[in-house]
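What follows is a structure written as structure tokens; I'll ask about it next.
The values are calculated or read from the model by the stated rules, or taken from the named source; none is laboratory data. None of these values were measured; they are calculated from a predicted model. Neighbour counts run over all protein chains shown; Cβ positions are idealised from the backbone, glycine included.
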Amino acid sequence: MSQDFRLDNVGMVNREKKISFKFNGKKYFGFEGDTIASALIANGVHLVGRSFKYHRPRGFFGVGVDEPYAILQLDRNKERDPNIRATEQEIFEGLEVKSVNCWPSVNFDIGAINNFLKMFFPAGFYYKTFMWPPSFWYKIYEPFIRMAAGFGQASIKHDKERYEHKYEYCDLLITGSGPSGLASAYAAAKNGARVILAEDKPRFGGSLLTSDVNIGNQTGVEWTEKIIAELKSMPNVTVKNRSQVFGYYDHNMLVMSERISDHLPKTQKYLPKQRLWYIRANEVLISSGSIERPLVFGNNDTPGVMLSSAAKEYMKVYGVLVGKKPLIFTNNDSGYETAIEFKKNGVNPIILDTRSNPSSDIITEAKNLNIEIKFSYVVVAAKGYKKVKSADIAKISDDKKELFNIENIKCDCICVSGFWTPSIHLASQSGNKSKFNEKIDAFVPDKSKQQENTIGSANGIFTLEETIKDAFDKGFDVSNKITEKNNKVSVPTVVEKKSTDHDKFWCVPLPKGKSYKRFLDFQNDVAVSDIELALREGFRSIEHVKRYTTLGMATDQGKTSNLNGLQLVSDIENKVVPQVGHTTFRPPYTPVSIGAIVGREVGKHSKPTRKSPMHSWHEKNNAVFVDAGVWLRPRYYKQGNEGLFEASKREAKNVRQNVGVCDVTTLGKIDVKGPDAAEFLNRVYTNAWLKLPVGKARYGVMLREDGIVMDDGTTTRISENHYHMTTTTAQAANVLSHLEYYLQLVWPELNVNVVSTTEQWAGAAIAGPNSRKLLMKLFPDLDVSNEGLPFMGYKEADLFGVPAKIYRISFSGELAYEINVESDNGYFMWEKIMEVGQEFQIQPYGTEALSTLRIEMGHVAGSELDGRTIPYDASLEGLVSKKKDFIGKRSLNRSAFTSTDREKLVGVVPIDKTTSIPEGSYIVKDPKAKLPNPKLGHVSASCWSVEYDNPFSLAIIKDGKNMIGQKLFAMSPLKNKTIPVEIVSSHYVDPEGKRVRS
Amino acid sequence: MLYINCPHCGLRSQNEFAYGGDATVKRPELNKEISDQEWDNFVYLRKSPRGKHLELWHHISGCRQWIKVERDTSTHEIFKTYKANEAIE
């Protein structure tokens, strides 16, 4: 198809480079620099989608972020990208896009039947219809609504593109490169400030690209190019295009999304697709401009009806005519600029001006160009279904209530201008209240809340001269607060033709006997009649009207519909707009892709992975790893065809019979140092610490202030004022914060320092009856006898030339030792242990065997200390000192904690000695009792006891100690299992603890 | 995202800090006989003021010091920050 609507030698697209793309499977051509919208319009295509509710035909309405209609789905590198605005997406070779919300095609859409049923789809239709019966929701209503709703489909595949985050700091962030943005950036940059200038579009200049003005004896475009070139050359300035500042957050943090590769066929190597900038700015100048307001008339959503500024930009920037028989419908001078541009390009427009007798330079110019102008005229209704074919126009009375002389004239597009709405979104997000400016019939920002100022048309300043002057001043003022350089540049002279008068008219009355739909919100199909209905039904607050009718709730967030909606509500309610108020502006200003928000934190990068120094040894020896917090720990070492169950059983059995070695590097380690360290530990732990001798370790439990167990572990006195504390892997960070809290805030008088040493030490636990023999060979010069290194003893020694620390502590319940060496020597230590241990049948064991060993010993871990247990619940009463005070002690007197039927730790064995009890099972008296079955407690951990070769579990049940010997049932509704069980002591193996002391 | 002036490190982004709750709560002294009510107030009861609030923040990804921050809970304005044991104005 040829580009019938492309003008010769007009516009800024690159005519040298022709680009082909596909729309709904059909091939079209455009030029480099075109958007999908401009390229399609050049090809005469105006039907691109269907509306949300009625499936009415949709074309193009705007030329940028405000576009409510032209939302497409894009395919790029076999990736699907929904919610693409055709007015923003630039074309590239091979681009494929298609229409959404229509089936089977945009030309023939079955859903359009809704359009003829529209009397049945008024505001609140869904609320009123899909109420009863509730059981219909899940199977009937929801699937139906879901099928009918939505603009495009998100990809369900993993997104292979790269997105980046960047943190940036600056003196001044300027959001928008229109006349005010450029002028203030220039003034501030010349005054030495570090400036970031962000422009959403590919081209800088904003309205200067399309308005016929003169700044400092240059055209708007020339002046823009000069300023941008100079800014780019300055080291203190960052200039970014295709970058939308979409959110204004606390403490002057703004977030900007930069589209780096979206306009390219493929993301370039070393570049991300998009980059999210977190910008902390000392000062912000909001120069986000304004958006033209539509005028409301019958069938004003027909393709071919569009904003007059958009029609102008399509001509001046893209060299594209939106129609060849244009009708310009305006209540201010902006429409004249568009008309003159048409005329200059050889097209004869007709202007309908709602004003009766306006005058300005630009109107005179239009008259001199012999453009046909009808004053006090309006468009009553657009005619045509998939494209405007004609329009009913009429003369309107001075009070704007009566229509006369309705006639039909031919046209192929209607360019509307209902004056301008400042984009106050960012100012509003900053916390700024807005105020209503009667002169422009719109809200403008009121007092600045954060370090921000709004300039230019975003602040309701619509004359260029005032805008430029104010922007130069503001740029200087805010920069001078920071740089104090007093370097002021002179303000250029400005020539502009149009005036800023406008008619306070925005909605054409319906002629007698006609019921045209007059739309306010084009994307969500909210018409004047819907708002009227909502108000009749009693909705008063604008926030309620919004939610009931969905006005302004579409992806464009009401950029074009907001004010007209407010006007209507205030007209019906006999109020003025400021009394009605406006709904809240929230970020993001424009849709942001989820990928950009997530950034690089996907897959393995979503959290750090920590590995012990012995990790590569585990890998080489077929370890199967498990996540332990951010650590990777060997769960078991696979031999042959073993699964988890067989391997862990073998490993645990070998510990009980010979000797095993386990990587315990991940345990939290904290150095506690200082003259008051003993006193501090005495306050932190529930048991007594003042008399622990040097060279001895002690097991301790620490509580939160509410009496709940926080963590447990051993702490060893290395020297007089130096203790080595261990914590569980999971709680390491919390325990350090906890200790710092008490040292810094509660007891600052204690002379103690704490620091994490988790990563400084590699740890290996050797456990089993052969462990002492192994230790003798590892440390031949050391006395490792039961007297020389007794249970809970500590020694420092030399491991084949490497300094090592030996703690005689045991989690497995066997004779065991923990050897620590500096992390760099961890691998060496491990290899030596394996090598020397060979003759004692050493095997490495993973976390699964570790669990088995501790469960059958009745040692508690995270599944018992689950944030609900106090020491008494976990059979740890022997560790609770009656004499001294400690963190959380006072809470242990609470009646709930002293009641006799508290759930306490017990052991559970299945009566048949073969059926494993699922973790999480409930313990009940009668499995057939009426539901809800009273629960005695739950199974916290299960294993296969290698000592007795039958299943064994730990459970926390009511009145636990008195239940021992009882026959109860473990029920797992999840696994649909009911298992008869016997309650036994939690100390299933070696209850006297002989082995650890042997 | 808040911008918190750590008295030890200077202005840092909120994501370096962990929130630590009401800074005006004082732990009862050790070994002191107190009523259940007093203990209950210390462990559980917190005001949730709208407006100025003195709160604890822990600079966990920085100097690891606990600091006190006077912040408006509705506007997020930060008026002043203090070291752990600095006198509060």
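Determine whether A:D663 is touching a residue at least 12 places away in the same chain (Cβ under 8 Å), farther than 23 Å from A:E740 by Cα and of a type in the set (D, E, K, R).
On the way: touching a residue at least 12 places away in the same chain (Cβ under 8 Å): yes; farther than 23 Å from A:E740 by Cα: yes; of a type in the set (D, E, K, R): yes.
Here the answer is yes, as A:D663 does meet what is asked.
A:V416 - would you say it is among the aliphatic types (A, V, I, L, M) and within 15 Å of A:A311 (Cα to Cα)?
yes
Taking the stretch A:890-925, which residues are buried (at least 20 other Cβ atoms within 10 Å of the Cβ) and either basic (K, R) or in a helix (DSSP H, G or I) (or both)?
Hits for the stretch A:890-925 are A:R890, A:S891, A:K904.
Moving on to the next point. B:K26 versus (1) surrounded by 12 or more Cβ atoms within 10 Å (Cβ to Cβ); (2) under 27 Å from A:A732 (Cα atoms); (3) not aromatic (F, W, Y): which is the lone unmet condition?
So the condition that B:K26 fails would be (1).
Enumerate the pairs (first residue in the stretch B:60-79 and within 8 Å of another protein chain (Cβ to nearest Cβ); second residue anywhere and assigned to a loop (DSSP other than H, G, I, E, B) and among the aromatic types (F, W, Y)) with beta-carbon separation below 8 Å, excluding pairs fewer than 6 apart on the same chain, so at least 6 apart or on different chains.
These pairs meet every condition: B:I60/B:F17.
Taking A:F840 as the residue in question, decide whether it is in contact (Cβ under 8 Å) with a residue 24 or more places away in the chain, of a type in the set (F, W, Y), more than 14 Å from every other protein chain (Cβ to nearest Cβ) and farther than 24 Å from A:R698 by Cα. Walk me through how you get there before you give the answer.
Values: in contact (Cβ under 8 Å) with a residue 24 or more places away in the chain: yes; of a type in the set (F, W, Y): yes; more than 14 Å from every other protein chain (Cβ to nearest Cβ): yes; farther than 24 Å from A:R698 by Cα: yes.
Here the answer is yes, as A:F840 does meet what is asked.
Which residues, counting only those in the stretch A:223-255, are assigned to a strand (DSSP E or B) and within 14 Å of another protein chain (Cβ to nearest Cβ)? Quick ask: steps written out before the conclusion?
Taking the stretch A:223-255 first, the residues assigned to a strand (DSSP E or B) are A:237-240, A:243-249, A:253-255.
Within the stretch A:223-255, A:G247, A:Y248, A:Y249, A:M253, A:L254, A:V255 meet the criteria.
Okay, next question. Being hydroxyl-bearing (S, T, Y) and either in contact with a Cys (Cβ under 7 Å, 6 or more places away or on another chain) or outside any loop (DSSP other than H, G, I, E, B) (or both) is the filter here; which residues of the stretch A:443-464 pass it? Spell out how you get there, then give the answer.
Applying the first criterion (hydroxyl-bearing (S, T, Y)) to the stretch A:443-464 yields A:448, A:454, A:457, A:463.
Result: A:T454, A:S457.
Could you go through the stretch A:734-753 and let me know if any residue there is small (G, A, S), farther than 26 Å from A:E651 by Cα, part of a strand (DSSP E or B) and within 14 Å of chain B (Cβ to nearest Cβ).
Step one: list which residues in the stretch A:734-753 are small (G, A, S), which gives A:737.
Cutting the leftovers down to farther than 26 Å from A:E651 by Cα gives us A:737.
Pick out the ones that are also part of a strand (DSSP E or B) and you get none.
There is no residue in the stretch A:734-753 that is small (G, A, S), farther than 26 Å from A:E651 by Cα, part of a strand (DSSP E or B) and within 14 Å of chain B (Cβ to nearest Cβ).
Got a number for residues in the stretch B:9-28 being within 11 Å of chain A (Cβ to nearest Cβ) and out of contact with any strand residue (DSSP E or B) (no Cβ under 7 Å at 6 or more places or on another chain)?
5
Also, quick follow-up: Exactly one condition in (1) among the aromatic types (F, W, Y); (2) crowded, with 22+ Cβ neighbours inside 10 Å; (3) in a helix (DSSP H, G or I) is false for A:Y636; which is it?
(3)
Quick check, is A:A762 surrounded by 18 or more Cβ atoms within 10 Å (Cβ to Cβ), in contact with a strand residue (DSSP E or B) (Cβ under 8 Å, 6 or more places away or on another chain) and either assigned by TED's automatic domain parsing to the domain that holds A:G695 or part of a helix (DSSP H, G or I) (or both)? Lay out the reasoning, then the answer.
Values: surrounded by 18 or more Cβ atoms within 10 Å (Cβ to Cβ): yes; in contact with a strand residue (DSSP E or B) (Cβ under 8 Å, 6 or more places away or on another chain): yes; either assigned by TED's automatic domain parsing to the domain that holds A:G695 or part of a helix (DSSP H, G or I) (or both): yes.
Against the criterion (surrounded by 18 or more Cβ atoms within 10 Å (Cβ to Cβ), in contact with a strand residue (DSSP E or B) (Cβ under 8 Å, 6 or more places away or on another chain) and either assigned by TED's automatic domain parsing to the domain that holds A:G695 or part of a helix (DSSP H, G or I) (or both)), A:A762 qualifies.
Turning to a different aspect of this structure: Does A:G181 fit the bill of being on the phi > 0 side of the Ramachandran plot, in contact with a helix residue (DSSP H, G or I) (Cβ under 9 Å, 6 or more places away or on another chain) and not basic (K, R)?
Values: on the phi > 0 side of the Ramachandran plot: no; in contact with a helix residue (DSSP H, G or I) (Cβ under 9 Å, 6 or more places away or on another chain): yes; not basic (K, R): yes.
The answer is no for A:G181.
Starting from residues that are of a type outside the set (A, V, I, L, M, F, W, C), at the interface with chain A (Cβ under 9 Å from one of its Cβ atoms) and in a loop (DSSP other than H, G, I, E, B), keep the ones in the stretch B:30-46 and report whichever is nearest to A:E679 (Cα to Cα).
Ranking the qualifying residues of the stretch B:30-46, first place goes to B:N31.
Looking at A:R600, A:R610, which is the one that is surrounded by 17 or more Cβ atoms within 10 Å (Cβ to Cβ) and touching a strand residue (DSSP E or B) at 6+ places or on another chain (Cβ under 8 Å)? If you could, list the steps in order and put the result at the bottom.
Working: A:R600 fails: surrounded by 17 or more Cβ atoms within 10 Å (Cβ to Cβ).
Within the list A:R600, A:R610, the selection yields A:R610.
Continuing with this model, one more query. With the stretch A:493-578 as the region, which helices (runs of 4 or more DSSP H) entirely inside it contain at least 1 residues that are free of Cβ contacts under 8 Å to residues at least 60 places away in the same chain and β-branched (V, I, T)? Step through it out loud before you land on a result.
Details: elements: A:528-536, A:542-549, A:562-572.
By residue number, A:542-549, A:562-572.
Would you pick out the residues in the stretch A:783-822 that are crowded, with 18+ Cβ neighbours inside 10 Å and small (G, A, S)?
To start, the set of residues in the stretch A:783-822 that are crowded, with 18+ Cβ neighbours inside 10 Å comprises A:784, A:789, A:792-795, A:797, A:799, A:804-821.
Once the filter is applied, which keeps residues that are crowded, with 18+ Cβ neighbours inside 10 Å and small (G, A, S), the stretch A:783-822 yields A:G793, A:A797, A:A804, A:S810, A:S812, A:G813, A:A816.
Quick one: which of A:K928, A:K935, A:K961 is in a loop (DSSP other than H, G, I, E, B), in the same structural domain as A:S916 (by TED's automatic domain parsing) and within 20 Å of A:R902 (Cβ to Cβ)? Spell out the reasoning first.
Details: A:K928 fails: within 20 Å of A:R902 (Cβ to Cβ); A:K961 fails: in a loop (DSSP other than H, G, I, E, B).
Exactly one of A:K928, A:K935, A:K961 is in a loop (DSSP other than H, G, I, E, B), in the same structural domain as A:S916 (by TED's automatic domain parsing) and within 20 Å of A:R902 (Cβ to Cβ), namely A:K935.
For A:V494, which of the numbered conditions (1) closer than 19 Å to A:L231 by Cα; (2) in contact with a strand residue (DSSP E or B) (Cβ under 7 Å, 6 or more places away or on another chain); (3) not assigned by TED's automatic domain parsing to the domain that holds A:S434 fails to hold?
(1)
From A:N282, A:N299, which residue is outside the structural domain of A:A42 (by TED's automatic domain parsing), surrounded by fewer than 24 Cβ atoms within 10 Å (Cβ to Cβ) and more than 22 Å from A:S180 (Cα to Cα)? Walk me through how you get there before you give the answer.
Working: A:N282 fails: more than 22 Å from A:S180 (Cα to Cα).
Residue meeting the stated conditions: A:N299.
Which one of these is touching a Phe, Trp or Tyr at 6+ places or on another chain (Cβ under 6 Å) and surrounded by 12 or more Cβ atoms within 10 Å (Cβ to Cβ): B:H58, B:H53? Steps first, answer last, please.
Working: B:H53 fails: touching a Phe, Trp or Tyr at 6+ places or on another chain (Cβ under 6 Å).
The unique qualifying residue is B:H58.
Of all residues in the stretch A:330-363, count the ones that are at pLDDT 95 or above, polar (S, T, N, Q) and farther than 20 Å from A:V296 by Cα.
Residues that pass the stated criteria total 2.
Any residue that is out of contact with any Pro (no Cβ under 8 Å at 6 or more places or on another chain), over 23 Å from A:R995 (Cβ atoms) and without any contact (Cβ under 8 Å) to a residue 24 or more places away in the chain - is there at least one of those in the stretch A:799-818? Reasoning before the result, please.
As a first pass, look at the stretch A:799-818 and keep what is out of contact with any Pro (no Cβ under 8 Å at 6 or more places or on another chain): A:799-807, A:809-813, A:816-818.
With the extra rule that they be over 23 Å from A:R995 (Cβ atoms), the set shrinks to A:799-804.
Checking the rest, the ones that are also without any contact (Cβ under 8 Å) to a residue 24 or more places away in the chain come to A:801, A:803.
Yes; the residues of the stretch A:799-818 include at least one that is out of contact with any Pro (no Cβ under 8 Å at 6 or more places or on another chain), over 23 Å from A:R995 (Cβ atoms) and without any contact (Cβ under 8 Å) to a residue 24 or more places away in the chain.
Moving on to the next point. Tell me whether the stretch A:580-595 contains one or more residues that are closer than 21 Å to A:E438 by Cα, aromatic (F, W, Y) and either in a loop (DSSP other than H, G, I, E, B) or within 27 Å of the chain's Cα centre (by Cα) (or both). Break it down into steps so the answer makes sense when it comes.
Of all residues in the stretch A:580-595, those closer than 21 Å to A:E438 by Cα come to A:580-585.
Those still in the list that are aromatic (F, W, Y) too: A:585.
Add one more test, that the residue is either in a loop (DSSP other than H, G, I, E, B) or within 27 Å of the chain's Cα centre (by Cα) (or both), and what stays is A:585.
Yes; the residues of the stretch A:580-595 include at least one that is closer than 21 Å to A:E438 by Cα, aromatic (F, W, Y) and either in a loop (DSSP other than H, G, I, E, B) or within 27 Å of the chain's Cα centre (by Cα) (or both).
Additional query: In the stretch B:31-38, is there at least one residue being out of contact with any helix residue (DSSP H, G or I) (no Cβ under 7 Å at 6 or more places or on another chain) and within 24 Å of A:E740 (Cβ to Cβ)?
Checking the stretch B:31-38: at least one residue is out of contact with any helix residue (DSSP H, G or I) (no Cβ under 7 Å at 6 or more places or on another chain) and within 24 Å of A:E740 (Cβ to Cβ).
Run B:M1 past the list (1) among the hydrophobic types (A, V, I, L, M, F, W, C); (2) in contact with a Leu (Cβ under 9 Å, 6 or more places away or on another chain); (3) in a loop (DSSP other than H, G, I, E, B) and report the number of the one that doesn't hold.
Failing condition for B:M1: (2).
Residue by residue, here is whether (1) of a type outside the set (D, E); (2) more than 41 Å from the chain's Cα centre (by Cα) holds:
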position	(1), (2)
A:K928	yes, yes
A:P932	yes, no
A:V939	yes, no
A:E947	no, yes
A:Q966	yes, yes
A:N976	yes, no
A:S986	yes, yes
